[in-house]
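This report concerns only the one structure given below.
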Amino acid sequence: MTSIQHNLQQVRQRISAAAQRCGRDPQEITLLAVSKTKPASAVEEAAAAGQHAFGENYVQEGVEKIQALAAHPLLQWHFIGPLQSNKSRLVAEHFAWCHTVDRLRIAQRLNDQRPDALPPLNVLIQVNISDENSKSGIMLEALPELAQAIAALPRLRLRGLMAIPAPESDYQRQLAVCQQMAAAFTSLKLHYPDVDTLSLGMSDDMEAAIEAGSTMVRIGTAIFGARYAQQPQQ
Ligand SMILES: *Cc1c(COP(=O)(O)O)cnc(C)c1O
């Protein structure tokens, strides 16, 4: 077994254990393997171990991997990085999901640029739940209005919410922030039947995210190892 396959097994065990501790079915939680800065060969290794959902942060790098691995029909690609308007077309044309929609203008561009031959692009609204230093994500107060506008766009499918909480080592404080996201997710679900995804939880806070109700954890380092390389430009 390669180390990626071993790491994947361990991460799946962590997800199962966290789910069982709070009485959830582990099947409710999708593992998104974050492959940013890692080569296509690493994605292939993970795919050989049954991993199909991959997350990329940089548009150009992601598109190159998607094209290199186009022969794998089961792979599902999620864009999870900050999105600039001038890169929206590449996301609309190549990815199945975008987790980082935080303004109507970008949603409209993705809608207009999504090719007719593809199913609607699955989108999550990114919420700035706790990070004062981050410019990404909307405030919770602005969520109802943005959700309503996005839900009306025919080439997008609003699937839920995403957040990157500020780093926090205390479990109870992680949990409190994740529960705020879970409450927003629950009320969004009441209004939009397609909403089924709360993208929350990374290597260091996935247990708290799962206890709060996350349905998708985004894990990079724990699967692919540390990222030494300088991160490429957008
Ligand atoms: C890099 C990244 C991850 C994965 O982080 P790790 O700490 O490597 O698990 C998850 N989500 C987003 C948005 C990221 O940019």
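We did not get these values from a lab; they are worked out from the coordinates using the rules stated. Predicted model only: the values in this text are computed from it and were never measured. Glycine also receives a Cβ, built like all others from the backbone with ideal geometry; neighbour counts cover every protein chain displayed.
Observations
- Note, ³J(HN,Hα) from phi for the stretch 27-36, Karplus 6.51, -1.76, 1.60, rounded to Hz, x at Gly and Pro: 5, 6, 10, 8, 8, 9, 8, 8, 9, 4
- Rounded, prolate or oblate (a/c below 1.5 giving rounded, otherwise prolate when a/b exceeds b/c) for the stretch 26-185 by Cα gyration tensor: oblate
- Look at where the Cα atoms of the stretch 166-222 and of the stretch 39-84 average out, and the two centres are 23 Å apart.
- Overall Cα dimensions of the stretch 113-234 - principal axes, largest extent first, Å: 40, 33, 25
- The calculated pair-distance distribution of the stretch 90-168 uses every alpha carbon pair, bins of 10 angstrom beginning at 0, and gives 20, 51, 24, 5, 0 percent.
- Projecting the Cα atoms of P82, N128, N111 onto the charge dipole of the stretch 74-140 (Cβ charges, centred on the Cα centre) puts N111 farthest toward the positive pole.
- Helix-only CD estimate at 222 nm, as mean residue ellipticity for the chain, using -39500 (n - 2.57) per DSSP H run (n ≥ 4): -12500 deg cm²/dmol
- Which listed pairs, of K87/K135; K36/K87; K38/K65; K65/K87; K87/K189, have C-alpha distances above 20 Å, in listed order: K87/K189
- Each residue of the stretch 127-135 is assigned a 3J(HN,Hα), and the resulting list reads 10, 8, 8, 8, 9, 4, 7, 8, 9 Hz, derived from the Karplus form 6.51 cos²θ - 1.76 cosθ + 1.60 (θ = phi - 60°), x at Gly and Pro.
- Loop-located chymotrypsin sites (Phe, Trp or Tyr not before Pro) in the stretch 134-234 (DSSP state not H, G, I, E or B) with no more than 10 neighbouring Cβ atoms inside 10 Å: Y228.
- Most positive-pole-ward Cα, T186, T197, L156, against dipole of the stretch 149-207 from beta carbon charges: L156
- If R0 is 22 Å, the Cβ-Cβ spacing of Q113 and A70 corresponds to a FRET efficiency of close to 0.65.
- Within a Gaussian network of the chain (alpha carbon springs, distance under 10 Å), most fluctuating of E45, E56, E132: E132
- Working note: Karplus 6.51/-1.76/1.60 with θ = phi - 60° gives the stretch 218-226 the couplings 10, 10, x, 3, 5, 9, 9, x, 5 Hz, where Gly and Pro are set to x.
- Once backbone amide H atoms are built at 1.01 Å from N, Q76 has A53, F54 as its partners under 5 Å, excluding neighbours fewer than 5 places away on the same chain.
- Value of relative contact order over the chain, rounded to a whole percent, pairs C-alpha under 8 Å and six or more apart: 21 percent
- Using the alpha-carbon positions of the stretch 37-110, Rg (one decimal) and Dmax (whole number) come out as 12.5, 39 Å.
- Dipole magnitude of the chain, debye to nearest 20 (Cβ charges: Lys/Arg +1, Asp/Glu -1, about Cα centre): 360 debye
- Restricting the stretch 1-99 to trypsin sites (Lys or Arg not before Pro) in coil, as DSSP defines it, with at most 15 other Cβ within 10 Å: none
- Stretchable slack from R103 to H6, in nm (0.36 nm times residue separation minus alpha-carbon distance): 31.0 nm
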